[in-house]
Amino acid sequence: MQYYSTRDRRNGVSAAAAIAQGLARDGGLFVPQSIPQLSLDEIRQLRGRDYREKAVAVIGRYLDEFTEAELTAFVGETYSANYDSAEIAPTRFLDADTGILELWHGPTCAFKDMALQMLPRLLTASLKKLGETRRVCILVATSGDTGKAALEGFADVEGASIVVFYPYNGVSEVQKRQMTTQRGENVLVSAVKGNFDDVQAGVKQVFGDRDFMQTLDKKGVFLSSANSINWGRLLPQIVYYFSSYCDFVSSGRIKLGDGLDFCVPTGNFGDILAGWYAKKMGLPIRRLICASNANNVLTDFINTGVYDRNRAFHTTVSPSMDILVSSNLERLLFMLSGDTAVKGWMEALKATGRYDVGAEVLAAIRADFDCGCATDGTAKAFIAELFAKTGYLMDTHTADAYAVLAEMRETGARFPAVIVSTASPYKFCDSVLDALGQNSAVPGAELIEKLAAATSTRPPKPLTGLFGKTQRFTGCVPKEKMQALVLDFLS
Ligand SMILES: *Cc1c(COP(=O)(O)O)cnc(C)c1O
């Protein structure tokens, strides 16, 4: 199968090239030339298989250059003992028509693992297929979850190294500890003075420095990125929509072929777009509900067809959704309109921060998507309410989706739905404790135990003992020193 750039569909590349390049040279994102179809009968057959077999069946349709044996090996390494649930991505049921799809049983306790455990395998195999002999160095600017998930994915992967920069005061205590205690011989982590924008600007500067690239090239190294615009990150996320649908059918709550809604806490539009691909492949998804926090640029877009990033940026209790430009939306727009229109809109976004897709494209979007947004206050209130009612504890990102679905059901008809849960509540202990009316002003090391004691729930294994582990990476550099640090690490 060939992959095209969203901004110019003339030049197709192989799947391996799309994954190795990440971003197309014209600045566009890679999309598959067609969407493979699964019949209801094939979905019925999937139902009897475990998560790994489902993954090979779904992912394989998009990666015909990879043999089934290769994919089976990657999937076996990706979703194995590093997950603390044998089901990998279990669906828990809250009542007769509501499921919660838990995507945080991987090593870093957030949904980024679902893709970032897989990407290193796909990337190194793609580089091999392309005859690349240099080492790849993954360079990441992170506001928390991506950095740790990428570190876990790339730690001790042959032919690769990884450098992660995070803003010194811009991540949670748990997130910081997760990164500073990272294992692996090929990893480097450093704090940077400043906020996330400073860190990202620093990383972009390193990527844009041609002399630096040549210096690295002489050392047999090239730089690449692991952010969510890479097709190799989107692809593994399609699988869990199939698996959760199968779980819903197996529970007896719906019949095979019945419609099912998915409500997805959304930032960069990667997770929910994977759901859209699943729907277009033939999975009977009725609606995809895009849930935002106070940064509700996508809510306005899905309601009006106008994307407008000219607005205040809010820091919320669901920081992984604090985003004003959702990169993966470009892929959806391409599928619904074409490369010429997308190129124009993306140029307008860059120049004015705004574009309008018009009535026709808006109608096509609304045929598949609904939307809503939650305030911090509502999200926290629902964390407390659900816990009091059922004993189920959810994190702040999941709570945004829960709130949006609850409000939708209050005013409209009720349909069976899955709430996609993207992080363990233990990753955001302080906000969850706040939500429960508990004092969260305790030292970082005590937060996890405090939440466990307050809720009689058990923290995930990767997080227990986190504060007792040796911190390997305690450095903090000014933005100007990032490049020198990378060079020193690679020498
Ligand atoms: C990244 C992330 C999201 C948003 O996912 P997108 O694919 O960027 O829309 C939501 N919740 C958590 C916990 C995340 O880490």
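The values are calculated or read from the model by the stated rules, or taken from the named source; none is laboratory data. This one's a predicted model, so the numbers in the text were calculated from it and none came from an experiment. Neighbour counts are summed over all protein chains in view; Cβ atoms, including those assigned to glycine, are modelled from backbone coordinates with ideal geometry. Accessible surface areas use protein heavy atoms only, side chains included; no ligands, DNA or RNA. Shrake-Rupley method; radii C 1.70, N 1.55, O 1.52, S 1.80 Å.
Out of (1) free of Cβ contacts under 8 Å to residues at least 40 places away in the same chain; (2) farther than 24 Å from residue 171 by Cβ; (3) within 13 Å of the ligand (Cβ to nearest atom), the odd one out for residue 297 is which?
(2)
Go through (1) surrounded by fewer than 18 Cβ atoms within 10 Å (Cβ to Cβ); (2) within 30 Å of residue 206 (Cβ to Cβ); (3) in contact (Cβ under 8 Å) with a residue 40 or more places away in the chain for residue 457 and report which single condition fails.
With (1) surrounded by fewer than 18 Cβ atoms within 10 Å (Cβ to Cβ); (2) within 30 Å of residue 206 (Cβ to Cβ); (3) in contact (Cβ under 8 Å) with a residue 40 or more places away in the chain applied to residue 457, the lone miss is (2).
Go through the residues of segment 423-433 one by one and say whether even a single one is within 15 Å of the ligand (Cβ to nearest atom), assigned to a strand (DSSP E or B) and buried (at least 24 other Cβ atoms within 10 Å of the Cβ).
yes
Within segment 1-21, how many residues turn out to be within 18 Å of residue 228 (Cβ to Cβ) and open to solvent by less than 10 Å² (accessible area, probe 1.4 Å)?
The number of residues fulfilling the criteria is 6.
State which residue pairs qualify: first residue modelled with pLDDT of 90 or more and inside segment 442-454, second residue of a type in the set (Lys, Arg) in any location, beta carbons under 7 Å apart, and separation of 6 or more residues or different chains.
That search, which allows pairs on different chains as well, returns 452/458.
Output the residues belonging to segment 190-208 that are of a type in the set (D, E, K, R) and at pLDDT below 90.
Hits for segment 190-208 are 197, 198, 204.
Within segment 378-400, which residues are surrounded by fewer than 20 Cβ atoms within 10 Å (Cβ to Cβ), within 24 Å of the chain's Cα centre (by Cα) and in a helix (DSSP H, G or I)?
If the condition is that a residue be surrounded by fewer than 20 Cβ atoms within 10 Å (Cβ to Cβ), within 24 Å of the chain's Cα centre (by Cα) and in a helix (DSSP H, G or I), then 378 is the only one that fits.
Which one of 251, 190, 224, 228 is within 13 Å of the ligand (Cβ to nearest atom) and hydroxyl-bearing (Ser, Thr, Tyr)?
228
Of 411, 398, which residue is modelled with pLDDT under 95 and farther than 25 Å from residue 469 by Cβ?
Checking each option against the conditions leaves just 411.
Taking residue 26 as meeting all but one of (1) open to solvent by 60 Å² or more (accessible area, probe 1.4 Å); (2) within 16 Å of the ligand (Cβ to nearest atom), write down the number of the exception.
(2)
Which numbered condition in (1) open to solvent by 30 Å² or more (accessible area, probe 1.4 Å); (2) under 25 Å from the mean Cα position of the chain (by Cα) is the only one that residue 417 fails?
Failed condition: (1).
So, of the residues in segment 254-277 that are under 19 Å from residue 51 (Cβ atoms) and more than 14 Å from the ligand (Cβ to nearest atom), which turns out to be least open to solvent (accessible area, probe 1.4 Å)?
260
Restricting the search to segment 115-153, which residues are among the β-branched types (Val, Ile, Thr), outside any helix (DSSP H, G or I) and closer than 22 Å to residue 193 by Cβ?
140, 142
Looking only at residues that are under 24 Å from residue 419 (Cα atoms) and in contact with a strand residue (DSSP E or B) (Cβ under 7 Å, 6 or more places away or on another chain) in segment 33-90, which one is surrounded by the fewest Cβ atoms within 10 Å (Cβ to Cβ)?
So the residue we want is 90.
Inspect segment 337-352 for any residue being within 16 Å of the ligand (Cβ to nearest atom), over 18 Å from residue 8 (Cβ atoms) and in a helix (DSSP H, G or I) and give the result as yes or no.
Within segment 337-352 (the criterion being within 16 Å of the ligand (Cβ to nearest atom), over 18 Å from residue 8 (Cβ atoms) and in a helix (DSSP H, G or I)), the answer is no, since none of the residues qualifies.
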